[in-house]
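A.B. asks: After the structure tokens below, expect a handful of questions from me.
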Amino acid sequence: MLLLKDLDLEGKTVFLRVDFNVFLDEEGQICDDTRIRAALPTLNYLLEQKTKVVMASHLGRPKGQFNSKLSMKPVAQRLVELITEDVILAPDVIGKDVDTLKENLRVRQVLFLENLRFYEGENNNDPEFAQNLAEGIDYFVNDAFGACHRVHASIVGIPLYVKKSAAGLLVTEELEYLNFALYSPQKPYTAIVGGAKVSDKIPILENLLNKSDNILIGGAMAYTFFAALGYDVGRSLVEEDKKDLALKILNKAKDNNTNFQLPLDHIVATEIAPGKETKTVDDFPIPSDMMGLDIGPKTIQAYGAVIAQAKTIMWNGPMGVFEIEEFSQGTMKIAEAVADSSALSIIGGGDLVAAVTEAGVSDRISHISTGGGASLEYIANETLPGLEALSENNNDND
Ligand code: AMP
């Protein structure tokens with residue numbers, strides 16, 4: 001796979017795929033511009049190398065139709081505030097007008113295309129759409145780590161129609177950290193896995209069972225394990241059809257001598273809502289009208305002790321319903337324990353980014369991935385469609 005620095009860029013027109021899929025509030029204002037800032041090193045490098053940059057991202061789910069609420073306008077405006085070069089917002093993604101803008105683009109100028117998902121061809125990986133995106137483009141640079149697990153036209157299609165393709169600086173940095181955890185973790189290697197569903201986390205758990213020394217489980221997914229073991233978990237979220245798989249995972253952990261820990265106590269309530277009375281329960285059965293919504297203090301302490309010994313930490317998924325104050329302590333305390341440890345710590349994007357930011361510890365985590373789904377899939381499969389596309393399609397007709 002080529003990296004940005006392998007390309008001879010001067011004077012070239014480069015298509016830069018970024019992941020600027022930011023949250024917008026009701027008024028269409030950007031809530032958090034982390035993803036925009038994360039792509040600036042690559043953009044600035046391209047501009048310093050005197051390229052013409054055509055940039056594009058997806059935003060939300062417009063389902064193949066123009067939707068003014070999901071226009072790239074506010075994102076382009078934020079970009080203008082963050083860089084000193086010229087940014088032109090294109091009126092569309094492909095088509096004659098866009099092609100003319102591409103042709104007239106000057107060195108060190110940025111043409112920002114409209115939302116890629118305004119066209120069905122993006123999600124369908126339509127070859128014609130990919131070819132239209134590649135019109136007038138010399139090189140493709142993918143810096144959209146958070147979208148590298150998608151088989152979409154702007155991720156896997158464009159490389160077929162340009163001279164060379166390379167990974168941007170953000171993608172390269174994400175891979176450096178994830179590869180460290182995958183291939184050369186310092187031991188003890190502790191994985192913390194939480195979140196709603198076991199089914200989403202099975203591939204990552206299977207990989208971690210072969211690599212890590214400790215796996216600490218939290219979130220609703222713990223209750224599928226407990227239910228599989230025959231405990232009465234009250235109204236806690238259980239995936240009935242995944243109980244067999246949960247047992248297989250537990251058996252594999254035993255065979256591998258992996259220290260696989262389930263919560264020792266639980267914060268329970270009758271409903272997932274703020275202001276409800278909560279109880280700490282450290283034995284089964286969980287009362288029949290209640291559900292486990294966070295890990296309890298004994299678990300925080302036990303997991304904290306394992307985390308303190310770790311040299312490598314991989315964390316994916318919250319320990320409880322952290323969005324609600326009453327059930328947020330488990331996730332916040334584990335975030336503090338991870339930040340306090342001397343381990344190289346990697347947090348796998350998604351909900352946890354918000355949680356560690358709220359806990360005020362994000363600057364003490366070694367790496368916070370910009371792509372939750374992509375980092376999960378990379379750890380599970382050790383590759384991603386977007387990376388394969390960069391490796392396979394370098395047409396040497398420069
Ligand atoms: P995931 O996307 O699989 O990482 O799951 C994240 C979601 O799981 C968050 O929105 C949490 O509120 C939710 N969650 C975590 N623990 C629980 C729990 N014990 N019961 C219900 N939902 C939970």
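A.B. asks: Residues with beta-carbon under 9 Å from that of A339, excluding A339: net charge, scoring Lys, Arg +1 and Asp, Glu -1? Display every interim value, and only then the final one.
C.D. replies: Details: positive: R364; negative: E336, D340, D363.
Overall, the nearby charge balance is -2.
A.B. asks: What distance in nm separates the simple spin-label points at N251 and T270, each placed 7 Å from Cα in the Cβ direction?
C.D. replies: 4.1
A.B. asks: Assign unit charges at the C-beta atoms only (+1 for Lys and Arg, -1 for Asp and Glu), then state the dipole size of the chain relative to its Cα centre in Debye, rounded to the nearest 20. Don't jump to the answer; show the numbers that get you there.
C.D. replies: Working: 36 positive and 58 negative charges, 105 e Å.
That gives a dipole near 500 debye.
A.B. asks: Would you please calculate the Kirkwood hydrodynamic radius of the stretch 83-125 over all C-alpha pairs and express it in Å, rounded to one decimal? Numbers along the way, then the final one.
C.D. replies: Numbers: mean 1/r = 0.0884 Å⁻¹.
Hydrodynamic radius (Kirkwood, Cα only) of the stretch 83-125 equals 11.3 Å.
A.B. asks: Here's another thing I want to ask about it. Which of the helices in the chain, when you take each full DSSP H run, stretch at least 18 Å along the axis at their Cα atoms and have an average Kyte-Doolittle score of -1.0 or higher?
C.D. replies: Working: long enough: 169-183 (20 Å, 0.70); 198-211 (19 Å, 0.03); 243-256 (20 Å, -0.72); 297-309 (19 Å, 0.28).
Within the chain the helices that satisfy the rule are 169-183, 198-211, 243-256, 297-309.
A.B. asks: Can you tally the net charge around Y303? Count Lys and Arg as +1, Asp and Glu as -1, for every other residue whose Cβ sits under 13 Å from the Cβ of Y303. Walk me through the intermediate numbers first.
C.D. replies: Working: positive: K298, K333; negative: D265, D294, E336, D340.
In short, -2.
A.B. asks: Let me spell out the model: positive unit charges on the Cβ of Lys and Arg, negative unit charges on the Cβ of Asp and Glu, origin at the Cα centre of the stretch 125-241. What dipole size does that give, in debye rounded to 20?
C.D. replies: Values: 8 positive and 15 negative charges, 55 e Å.
Value, rounded to 20: 260 debye.
A.B. asks: Related question: Semi-axes of the stretch 187-342's equivalent ellipsoid from the Cα gyration tensor, sqrt of 5 times each eigenvalue, largest first, rounded to whole Å? Intermediate results must be reported in sequence, preceding the final value.
C.D. replies: Working: eigenvalues 109, 73, 29 Å².
Those come to 23, 19, 12 Å.
A.B. asks: Defining a contact as two alpha carbons under 8 Å apart and six or more residues distant in sequence, what relative contact order in percent does the stretch 285-356 show?
C.D. replies: Values: 88 pairs, mean separation 26.0, N = 72.
About 36 percent, as a whole number.
A.B. asks: Let me check the size of the stretch 137-227 from its C-alpha atoms; what are the radius of gyration and Dmax in Å?
C.D. replies: Calculated on Cα positions, Rg and Dmax stand at 17.5, 56 Å.
A.B. asks: Gain in length, Q65 to T357, computed as 0.36 nm per residue apart minus the alpha-carbon separation, to one decimal in nm? Spell out each step's value before the answer.
C.D. replies: Values: separation 292, 0.36 × 292 = 105.12 nm, distance 3.38 nm.
So the chain would gain 101.7 nm between Q65 and T357.
A.B. asks: Oh, and also: Taking the Cβ of Q109 as the centre, find all other residues whose Cβ is under 11 Å away and add up their charges (Lys, Arg: +1; Asp, Glu: -1).
C.D. replies: On the way: positive: K50, K52, K102, R106, R108; negative: E85, D86.
Local net charge: +3.
A.B. asks: Here's something else I'd like to know. Pop the C-beta distance of T383 and C31 into the FRET formula with R0 = 30 Å and round what comes out to the nearest 0.05.
C.D. replies: 0.40
A.B. asks: Say a site is exposed when it is one of the trypsin sites (Lys or Arg not before Pro), sits in a DSSP loop, and has at most 13 other Cβ atoms within 10 Å; what is then the longest site-free stretch of the chain? The partial results should precede the final answer.
C.D. replies: Working: sites that count: K50, K63, R106.
It runs 107-398.
A.B. asks: Same structure, new question: Any chance you could get the radius of gyration and Dmax over the Cα atoms of the chain, in Å?
C.D. replies: Both quantities, over Cα of the chain: 22.9, 70 Å.
A.B. asks: Starting from a Cα-only point model with no solvent, please compute log10 I(q)/I(0) by Debye for the stretch 1-149 at q = 0.16 1/Å.
C.D. replies: -0.84
A short reminder: the numbers here are calculations on the coordinates, not readings from a lab. Small disclaimer: the values here were computed from a predicted structure and weren't measured. Every residue, glycine as well, gets a Cβ built from its backbone with ideal geometry; the counts of neighbours run over all protein chains shown.
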